[in-house]
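For reference, the structure discussed in these notes is given below.
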Amino acid sequence: MTRRLLVGLAVVAALLAGCGDPHLEALDQRLASLRERPSGELPNLPETPDYQPVTYDQAGSRSPFMPERPQAQTQADEGDDLAPDLSRPREALERYPLDALNLVGTLTIDGRHSALIRDPRGEVHAIRVGAHAGTDFGRIVQITNDAVTLVEIVSNGQGGWVERRRSLSLSAGDKSGAGNTAGGQ
């Protein structure tokens, strides 16, 4: 027990000896000379106006962080009778967005044009005018030697529908059809 007490006292004495620094006297003299100098006066701070809280009176309004809801139409739009045929059975190419389909070729047999379209799985489908493709109710309206034109029926954002023309083109020099893109008008 006395041995532990002696070791503890030795550690405390060593710590206290480390605090005794002869350079502290020079620091004390420097601080004393700084205290004797006259201090400057600071200008007064400007007066701050009293805080007037503003009441939020827009609690019943639409939040600026939510999308705006379209207003109800009071008069009939021109294309009110335009709507996709939801009862029609879906065709194979309607499972894929138009941008994922590639025109890889066209055929003309007995004056009837057909287009060869590759889907994302690599399958090639032969389609004719009147067939459907794409996820936006696209209907093939024209097939030429180097392009297929579709008319899609898309929502106008106000509860109605509008037609949008799109096309798939066969790239010159691209026989695989991998570089084809869907173009819109």
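Every number here is computed from the coordinates shown, using simple stated rules; none is lab data. Owing to the predicted nature of the structure, the values given are computational and were not obtained by experimental measurement. Every residue, glycine among them, receives a Cβ derived from its backbone with ideal geometry; neighbour counts consider all protein chains shown.
Compared with the direct C-alpha span, the chain from Glu163 to Val54 gains 34.4 nm at full extension, assuming 0.36 nm per residue.
Between Leu107 and Thr135, what's the calculated FRET efficiency when r is the beta-carbon distance and R0 is 30 Å? Round to 0.05. Rounded to the nearest 0.05, the efficiency is 0.75.
Counting neighbouring Cβ atoms within 10 Å and putting the fewest first, the residues Val104, Val129 line up as Val129, Val104. Once backbone amide H atoms are built at 1.01 Å from N, Val104 has Leu116, Ile117, Arg118 as its partners under 5 Å, excluding neighbours fewer than 5 places away on the same chain.
Ranked for footprinting exposure by Cβ neighbours inside 10 Å, fewest first, Asp50, Asp81 give Asp50, Asp81.
Ranking Asp119, Asp85, Asp146 by Cβ neighbours within 10 Å, fewest first, what do you get? Before the final figure, lay out the partial values.
Details: Asp119 16, Asp85 10, Asp146 13.
Lowest count first: Asp85, Asp146, Asp119.
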